[in-house]
1. Give, rounded to the nearest 20 debye, the magnitude of the charge dipole that the chain has about its Cα centre when Lys and Arg contribute +1 at Cβ and Asp and Glu contribute -1 at Cβ.
2. Listed here are the pairs 156/256; 136/242; 58/126; 24/156; 126/156; which of them are more than 20 Å apart at the Cα?
3. First select every other residue whose beta carbon is under 14 angstrom from the beta carbon of residue 190; then total the charges, Lys and Arg +1, Asp and Glu -1.
4. Between residue 291 and residue 248, what is the spin-label point distance in nm, taking each point 7 Å from the Cα along the Cα→C-beta axis?
5. Provide the net charge surrounding residue 338, with neighbours chosen by a C-beta distance below 13 Å and charges set as Lys +1, Arg +1, Asp -1, Glu -1.
6. Modelling each spin label as a point 7 Å along the Cα-to-Cβ direction, I'd like the residue 29/residue 334 distance in nm, to one decimal.
7. Sorted by mean Cβ packing within 10 Å, highest first, what order do the peptides 107-116, 37-46 take?
8. Sorted from largest down, what three extents in whole angstroms do the Cα atoms of the range 188-240 have along their principal axes?
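Read-outs: derived from the displayed coordinates by stated rules, not from any lab. Everything numeric here is computed off the predicted structure, so don't read it as measured data. Virtual Cβ from ideal backbone geometry, glycine too; neighbours counted across all protein chains shown.
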Amino acid sequence: MAIPSAVTAQRRPEETYIVAEIGKGFIQSADDRPVSEYLANAIALVDAAAEAGADAVKFQTHDVTDEQAPVPVVSPHFDGADRFAWVSRNTRATPVAGFWQPLIAHCRRRRITFFTTPMSRGAARKLAAFDLPLWKVGSGDLLDYVLLDYLARTRKPIIVSTGMGSLAEVDATVAFLARRQATIGILYCVSHYPAPDSSFNLASIELLQHMHPQATIGFSDHSIGSDIALAAIRVGARVLEKHFSFARDLWGSDHKVSMTPSELKALVGAVRGGASRDVDPSPWYGQRDRELEGAHNQFRPYFFKTLVAACDMPAGTILTPDAVCAMRPRMHLAGLPSDAYPAVIGKSLSRSVRALEPLPETALN
């Protein structure tokens with residue numbers, strides 16, 4: 001399979017596809033800055049990733065209007081801003097013409113693959129016209145079937161992360177995408193920032209390979225250093241994603257779990273030199289029959305989503321895909337969960353609903 005065409009499950013360990021996850025790392029200070037500065041930061045990070053030898057850079061794309069409800073909630077992994085303010089800032093910081101268009105053009109000039117994690121359907125729509133080679137779905141959106149359905153319709157490969165999911169949820173998501181004939185990758189992940197060594201169960205990589213032989217299996221690593229990444233490759237990961245920043249003490253949500261340019265260059269050299277073949281994975285291997293850590297991850301209530309009305313609709317309205325959005329945080333939005341999306345489409349409303357109102361089962365015929 002192609003994620004993109006250079007990545008296949010049959011690749012040798014030293015050919016592992018290495019992704020520098022820049023994410024929102026172009027935001028580096030608590031005070032808001034001009035878009036031009038964010039773009040300059042992003043370009044500098046792309047250049048550093050290319051010089052370190054990464055195959056791809058990945059960013060995150062936001063559209064607050066269909067991602068985050070305007071309720072006060074602060075995620076435990078980043079107390080620098082409430083989620084609505086943080087997502088709003090990311091939306092403002094990245095206009096298509098002033099940020100994404102020149103950034104993608106720069107990546108193409110540098111011959112490094114650009115792709116993104118759209119954090120909602122609206123975010124994906126922003127970049128769909130750029131004909132990206134693939135999509136990444138963060139583990140907080142593993143059950144956002146509104147987003148997944150849209151991505152599958154683009155006919156681009158989709159990589160999903162397991163960090164906030166259970167085995168059953170990953171299986172259901174893969175089945176949802178497979179029914180839509182999507183090409184699928186799965187990244188084993190532990191969603192802690194940073195993830196302690198004791199939290200890893202690399203045997204899950206083998207389990208995912210057994211459960212989903214049609215998918216390319218990889219590793220999204222939130223640990224500090226290279227040891228666990230190399231061990232994951234030894235166990236069978238063929239895509240490796242590491243957060244990437246110029247320094248771990250910069251302001252922002254993910255810098256603290258990132259690799260610096262010199263560290264990434266050393267990791268790329270180790271992977272290409274076959275160092276994973278000599279690594280003993282046993283300290284992090286664990287058990288093959290263990291449930292994914294994501295089944296009980298503390299971030300689930302903050303990042304999982306609820307179905308909401310995309311606009312004001314009168315009673316009797318037949319729900320179409322564009323009439324429904326999926327928004328966070330589920331902990332404050334009492335309605336049908338986002339994975340109920342397939343069952344909702346085609347139903348009629350038994351009463352009127354307001355835009356962004358959570359959709360309860362009692363409102364549907």
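1. Numbers: 38 positive and 38 negative charges, 188 e Å.
Using only the charged Cβ atoms, the result is roughly 900 debye.
2. On the way: 156/256 31 Å; 136/242 14 Å; 58/126 15 Å; 24/156 23 Å; 126/156 15 Å.
The pairs that break the limit, which is 20 Å between Cα atoms, are 156/256; 24/156.
3. Details: positive: 242, 290, 300; negative: 197, 221, 241, 291, 293.
Charge balance in the 14 Å sphere: -2.
4. About 3.1 nm, to one decimal.
5. On the way: positive: 121, 300, 305, 328, 330; negative: 66, 67, 141, 144, 149, 169, 339.
Result for the local shell: -2.
6. It is 4.4 nm.
7. 37-46, 107-116
8. For the range 188-240, the Cα spread along each principal axis is 30, 17, 14 Å.
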